[in-house]
Amino acid sequence: MTTVRGVVLAVCCLLVGVAAVDPVVSAPTGSARTPPMGWNSWNAYGCDIDQQKIRAAADAIVAAGLRDVGYEYVNVDDCWQATTRDVWGNLRADPARFPDGMKALADYVHGKGLRFGIYATPGTRTCANLAGLYPGALGSLGHERQDAAVFAAWGVDYLKYDWCRAEVDGVEPRAGFTLMRDALDDTGRAVVYSIHRQPQLPVDSWRPSVANSWRTTGDIAPTWDSVTGIVDRQVGLEVWARPGAWNDPDMLEVGNGALTPDESRAHFSLWAVLSAPLLAGNRLDAMSEDTRRVLTNRDVVAVDQDWAGSQGYRVRDGGDVQVWVKPLSGGDRAVAVLNRGASTATTSVTAAEFGFPGGGGLTLRDLWSGVVSGAEGPVAVTVRPHAAVLYRVSARR
Ligand code: GLA
């Protein structure tokens, strides 16, 4: 099975001309043909999780209409584990927080037409344990096959495998991440495999061959500086992304902390242009209507989920104003004009920057306002402070 996938992948890479990916390792276990979408507990709750909160998130994904636009994974992050393995060495859930256990929780999530995700680490400790936030934090080192089998028996569909200083335990990153990938693969269950190596070294060829997504930065925070700082660090990474393997600039903070509605829209716009996994990180059962509208904007989600040979890339770095372009299937372009500054900016964007070097008439649809306009030459774009305008641009036929 793995060999067939590897061949399919190799053919696919030849066709789309993706940067050379290490041919030695085979394709990862999950499919993730488009960037995974769902929700994760960490940004909303940190360590303070229990089965009621996870169930409430699953309920809300359905009730708020997120499932209808493609959000499907409900992912439990760190702090779900009991402090010890059972007598057979199996991982188990903290009985106080998850009294019905993970299988029952996965069943509940599946019963909603959703998929279930969980968190583990390749060393001996999880990140929350390292940070002194949680006592029960058992890593998978030496138990990779056993843990993969337990996850499969529970019905896990997504694994976040988080480095958490596993080098202290003598783990080598590529080997450690590959070990779990192989263990997941051998269960026969399609599990989306999301990895995070801290500190983030430059992305190299093994990552897209081992995992369905890999973090490209440290942890996001719900601030404008954090969001724009992460955007800065995505420049050039587009060469690594392809269907089944995605750069991960971290989970969404839409609706969290001090982010304004404009900042949340800009954050979501850029993540879509970057073909990022869209994992909501807010309290779905207590979100504002504005936040719900951001997360469920079908036009913006369609930009994220579209693949026409490249994730978005930066075509202008003009200080406060940046222009990012993502090719879309059918020849359209998604174009984000980002204003990082504290005052309104008006800038002229050329047809070439919109991704149409030959010029000609263009049709621009603003994906947040819905306003459609035409252009024959450069377009004057006005962007509010700490905001982005996101267009879908087509050549006028
Ligand atoms: C790391 C990860 C976060 C989260 C925490 C949990 O910091 O980057 O996304 O999973 O660990 O402890």
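Carbon-plus-sulfur fraction of the accessible area of region 151-310, 1.4 Å probe, in percent? Percent of accessible area from carbon and sulfur atoms in region 151-310: 51.
Distance between the C-alpha centers of region 99-123 and region 34-48? Whole Å please. Result: 13 Å between the Cα centres. Between the helical axis of 144-154 and the longest alpha-carbon principal axis of the chain there is an angle of about 80 degrees. Relative to the longest principal axis of the Cα atoms of the chain, helix 2-16 runs at roughly 10 degrees. Structural size metrics of region 214-294, computed from C-alpha coordinates, are Rg and Dmax of 12.4, 38 Å. Computed extension gain for ALA131 through GLN146, at 0.36 nm per residue and net of the alpha carbon distance, reaches 2.8 nm. Dipole orientation for the chain: of the candidates LEU270, PRO243, THR291, PRO243 has the Cα lying most toward the positive pole (charges on Cβ; Lys, Arg +1; Asp, Glu -1).
Compared with the alpha-carbon gap, the fully stretched path from ALA352 to ALA63 is longer by 99.8 nm at 0.36 nm per residue.
Across all directions, the average projected area of the convex hull around the alpha carbons of region 117-198 is 4.8 nm². The stretch between ASP285 and GLU167, if pulled fully straight at 0.36 nm per residue, gains 38.7 nm over its current Cα-Cα span. Take the Kirkwood radius over Cα pairs of the chain, plug it into Stokes-Einstein at 37 °C and 0.692 mPa s, and you get 153 µm²/s for translational diffusion.
Mean residue ellipticity, 222 nm, helices only, the chain: the sum of -39500 (n - 2.57) across DSSP H runs of n ≥ 4, divided by residue count and rounded to 500, is -8500 deg cm²/dmol. Relative to one another, the C-alpha centroids of region 64-84 and region 232-247 are positioned 24 Å apart. Placing unit charges on each Cβ (+1 for Lys and Arg, -1 for Asp and Glu) gives the chain a dipole about its Cα centre, and among MET37, VAL381, PHE354 the Cα reaching farthest toward its positive end belongs to PHE354. Projecting the Cα atoms of ALA258, GLN234, THR223 onto the dipole axis of region 221-276, where Lys and Arg carry +1 and Asp and Glu carry -1 at the beta carbon, places GLN234 farthest toward the positive end. One way to sum up the overall shape of region 151-298 is the equivalent ellipsoid from its Cα gyration tensor, whose semi-axes run 28, 18, 14 Å, largest first.
Within the chain, how many Lys pairs sit with Cα atoms under 24 Å apart, leaving out pairs fewer than 8 places apart on the same chain? Going through the chain pair by pair, I get 6. The shape of region 146-188 can be summarised by an equivalent ellipsoid whose semi-axes, obtained from the alpha carbon gyration tensor, come to 21, 11, 8 Å from longest to shortest.
Note on THR260/TRP88: beta-carbon distance plugged into 1/(1 + (r/R0)^6) with R0 of 41 Å gives a FRET efficiency of 0.20.
With only the Cα atoms considered, region 166-235 has a convex hull volume of 112 Å³ per residue.
Model label sites at GLN52 and ASP107, defined 7 Å from Cα along the beta-carbon direction, differ in position by 2.1 nm. Quick one: helix 173-187 against the long Cα principal axis of the chain, what's the angle to the nearest 10°, folded into 0 to 90? Approximately 70 degrees, to the nearest 10. Amide H contacts of ASP250 (H built 1.01 Å from N, in plane; Pro and chain starts excluded): THR216 sit under 5 Å, all sequence-distant by 5 or more or on other chains. Computed from point charges on the beta carbon alone (+1 for Lys and Arg, -1 for Asp and Glu), the dipole magnitude for the chain about its Cα centre is near 680 Debye. Counting only protein heavy atoms and a 1.4 Å probe, region 278-397 has 41 square angstrom of accessible area per residue. Ligands, DNA and RNA left out, the accessible area of region 69-121 computed with a 1.4 Å probe is 51% carbon and sulfur.
The values are calculated or read from the model by the stated rules, or taken from the named source; none is laboratory data. Everything numeric in this text was worked out from a predicted model, so none of it was measured. In this analysis, Cβ positions are derived from the backbone assuming ideal geometry, glycine residues included, and neighbour counts consider all displayed protein chains. Remember, those area values only see protein heavy atoms, side chains included, never the ligands or the DNA or RNA. Shrake-Rupley method; radii C 1.70, N 1.55, O 1.52, S 1.80 Å.
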